[in-house]
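Enquirer: Questions regarding the structure given below will be posed in turn.
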Amino acid sequence: MKQLVLLFLAAAVACNSEAGYEKAEDAQDAGREFIRASLDGNYKKASFYLLKDSTGTNLRLLDRWKEGYNHYTEEQKVSFKDAVIRPVRITNLNDSSVVYTYTNSFEPKDTTSIKIVRWQGDWLVDLKDIH
(Lines give C-alpha, C1' and ligand atoms only; values in the text may rest on other atoms or scores of the structure.)
Protein backbone atom coordinates (compact mmCIF):
# COMPACT_ATOMS: atom_id res chain seq x y z
CA MET A 1 0.00 0.00 0.00
CA LYS A 2 2.81 2.38 0.92
CA GLN A 3 4.50 1.72 -2.45
CA LEU A 4 1.25 2.43 -4.27
CA VAL A 5 0.91 5.81 -2.54
CA LEU A 6 4.52 6.70 -3.42
CA LEU A 7 3.96 5.68 -7.04
CA PHE A 8 0.82 7.83 -7.20
CA LEU A 9 2.66 10.84 -5.74
CA ALA A 10 5.54 10.44 -8.21
CA ALA A 11 3.08 10.32 -11.11
CA ALA A 12 1.29 13.43 -9.84
CA VAL A 13 4.55 15.37 -9.59
CA ALA A 14 5.53 14.35 -13.14
CA CYS A 15 2.18 15.51 -14.52
CA ASN A 16 2.45 18.83 -12.71
CA SER A 17 5.74 19.72 -14.39
CA GLU A 18 4.26 19.25 -17.90
CA ALA A 19 5.89 16.24 -19.54
CA GLY A 20 8.37 15.90 -16.66
CA TYR A 21 10.45 18.97 -17.61
CA GLU A 22 11.38 21.55 -15.03
CA LYS A 23 10.79 25.24 -15.72
CA ALA A 24 13.98 27.22 -16.23
CA GLU A 25 15.17 29.15 -13.21
CA ASP A 26 16.86 31.84 -15.31
CA ALA A 27 17.76 32.73 -18.90
CA GLN A 28 20.96 30.68 -18.93
CA ASP A 29 19.10 27.65 -17.65
CA ALA A 30 16.45 28.03 -20.39
CA GLY A 31 19.12 28.44 -23.04
CA ARG A 32 21.15 25.46 -21.82
CA GLU A 33 18.09 23.18 -21.62
CA PHE A 34 16.86 24.22 -25.08
CA ILE A 35 20.30 23.79 -26.66
CA ARG A 36 20.91 20.42 -25.00
CA ALA A 37 17.50 19.16 -26.13
CA SER A 38 18.20 20.37 -29.68
CA LEU A 39 21.60 18.70 -29.78
CA ASP A 40 20.02 15.50 -28.47
CA GLY A 41 17.27 15.62 -31.09
CA ASN A 42 14.63 15.87 -28.34
CA TYR A 43 12.37 18.44 -29.96
CA LYS A 44 9.49 17.75 -27.59
CA LYS A 45 11.71 18.96 -24.75
CA ALA A 46 13.08 21.84 -26.83
CA SER A 47 9.48 22.91 -27.49
CA PHE A 48 8.83 23.03 -23.74
CA TYR A 49 11.47 25.79 -23.46
CA LEU A 50 10.17 27.65 -26.54
CA LEU A 51 8.04 30.80 -26.49
CA LYS A 52 4.69 29.94 -28.09
CA ASP A 53 3.98 33.16 -29.99
CA SER A 54 0.53 34.01 -31.32
CA THR A 55 1.57 33.58 -34.98
CA GLY A 56 3.16 30.16 -34.46
CA THR A 57 6.43 31.43 -35.95
CA ASN A 58 8.63 29.93 -33.23
CA LEU A 59 7.08 26.47 -33.66
CA ARG A 60 7.61 26.66 -37.44
CA LEU A 61 11.24 27.69 -36.91
CA LEU A 62 11.75 24.81 -34.47
CA ASP A 63 10.25 22.46 -37.07
CA ARG A 64 12.91 23.69 -39.52
CA TRP A 65 15.63 22.97 -36.94
CA LYS A 66 14.15 19.49 -36.53
CA GLU A 67 14.07 18.93 -40.30
CA GLY A 68 17.73 19.91 -40.49
CA TYR A 69 18.58 17.54 -37.66
CA ASN A 70 16.70 14.70 -39.35
CA HIS A 71 18.97 15.03 -42.40
CA TYR A 72 22.06 14.17 -40.34
CA THR A 73 23.43 10.63 -40.40
CA GLU A 74 23.06 8.47 -37.29
CA GLU A 75 26.79 8.94 -36.65
CA GLN A 76 26.40 12.73 -36.75
CA LYS A 77 23.40 12.57 -34.41
CA VAL A 78 25.46 10.57 -31.89
CA SER A 79 28.23 13.16 -32.17
CA PHE A 80 25.74 15.96 -31.45
CA LYS A 81 24.39 14.04 -28.43
CA ASP A 82 27.95 13.64 -27.14
CA ALA A 83 28.82 17.29 -27.81
CA VAL A 84 29.54 19.76 -25.04
CA ILE A 85 27.78 23.14 -25.15
CA ARG A 86 30.35 25.94 -25.25
CA PRO A 87 28.92 29.36 -24.39
CA VAL A 88 30.71 32.07 -26.35
CA ARG A 89 28.88 35.12 -25.03
CA ILE A 90 25.83 35.72 -22.86
CA THR A 91 24.51 39.27 -23.17
CA ASN A 92 21.79 40.73 -20.98
CA LEU A 93 19.79 43.11 -23.18
CA ASN A 94 17.58 44.16 -20.26
CA ASP A 95 15.97 42.52 -17.23
CA SER A 96 13.76 40.29 -19.38
CA SER A 97 15.83 39.35 -22.43
CA VAL A 98 19.20 37.74 -22.99
CA VAL A 99 21.16 36.73 -26.09
CA TYR A 100 22.96 33.40 -25.63
CA THR A 101 25.68 32.78 -28.21
CA TYR A 102 27.20 29.33 -28.23
CA THR A 103 28.99 26.65 -30.16
CA ASN A 104 29.44 22.96 -29.45
CA SER A 105 32.38 20.60 -29.34
CA PHE A 106 31.22 18.65 -32.42
CA GLU A 107 31.03 21.72 -34.69
CA PRO A 108 33.18 24.28 -32.84
CA LYS A 109 33.25 26.76 -35.75
CA ASP A 110 29.45 26.87 -36.02
CA THR A 111 28.33 29.69 -33.72
CA THR A 112 24.62 30.17 -33.01
CA SER A 113 22.75 32.88 -31.09
CA ILE A 114 19.35 32.50 -29.51
CA LYS A 115 17.29 35.06 -27.65
CA ILE A 116 15.77 34.13 -24.31
CA VAL A 117 12.93 36.20 -22.90
CA ARG A 118 10.98 36.29 -19.68
CA TRP A 119 7.33 35.84 -20.61
CA GLN A 120 4.65 35.74 -17.92
CA GLY A 121 7.28 34.80 -15.33
CA ASP A 122 8.90 32.00 -17.38
CA TRP A 123 12.23 32.09 -19.25
CA LEU A 124 11.68 30.89 -22.83
CA VAL A 125 13.61 30.80 -26.11
CA ASP A 126 12.42 33.14 -28.86
CA LEU A 127 13.78 31.83 -32.18
CA LYS A 128 12.15 34.47 -34.35
CA ASP A 129 14.41 37.12 -32.90
CA ILE A 130 17.79 35.42 -33.45
CA HIS A 131 20.72 37.72 -33.90
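Enquirer: State yes or no: is ASP53 at pLDDT below 95 and within 21 Å of ALA24 (Cβ to Cβ)?
Expert: Details: at pLDDT below 95: yes; within 21 Å of ALA24 (Cβ to Cβ): yes.
Judged against the criteria, ASP53 is a match.
Enquirer: Further, regarding this structure: Only one residue in VAL78, VAL88, VAL84 is within 22 Å of ASP29 (Cα to Cα) and more than 16 Å from the chain's Cα centre (by Cα), so which one is that? Let's see the steps before the verdict.
Expert: Details: VAL78 fails: within 22 Å of ASP29 (Cα to Cα); VAL84 fails: more than 16 Å from the chain's Cα centre (by Cα).
Going through VAL78, VAL88, VAL84 in turn, the sole match is VAL88.
Enquirer: Please list, ordered by first then second residue, the pairs with beta carbon atoms under 6 Å, 6 or more apart or interchain, first in segment 73-96 and in contact (Cβ under 8 Å) with a residue 40 or more places away in the chain and within 17 Å of PRO108 (Cα to Cα), second loosely packed, with under 12 Cβ neighbours inside 10 Å and among the small types (Gly, Ala, Ser).
Expert: Pairs that qualify, where the first residue is in contact (Cβ under 8 Å) with a residue 40 or more places away in the chain and within 17 Å of PRO108 (Cα to Cα) and the partner is loosely packed, with under 12 Cβ neighbours inside 10 Å and among the small types (Gly, Ala, Ser): there are none.
Enquirer: Residue pairs, Cβ under 7 Å, 6 or more apart or interchain, first in segment 53-68 and under 15 Å from GLY41 (Cα atoms) and in contact (Cβ under 8 Å) with a residue 12 or more places away in the chain, second hydroxyl-bearing (Ser, Thr, Tyr) and surrounded by 10 or more Cβ atoms within 10 Å (Cβ to Cβ). List them.
Expert: LEU62/TYR43; LEU62/SER47; TRP65/SER38; LYS66/TYR43
Enquirer: Further question: Within segment 97-122, which residues are closer than 15 Å to ARG36 by Cβ and buried (at least 17 other Cβ atoms within 10 Å of the Cβ)?
Expert: Answer for segment 97-122, where residues must be closer than 15 Å to ARG36 by Cβ and buried (at least 17 other Cβ atoms within 10 Å of the Cβ): TYR100, TYR102, THR103, ASN104, ILE114, ILE116.
The values are calculated or read from the model by the stated rules, or taken from the named source; none is laboratory data. Remember, it's a predicted structure, so these values are computed and weren't measured experimentally. Cβ sites come from the backbone with ideal geometry, for glycine too, and all protein chains shown count toward neighbours.
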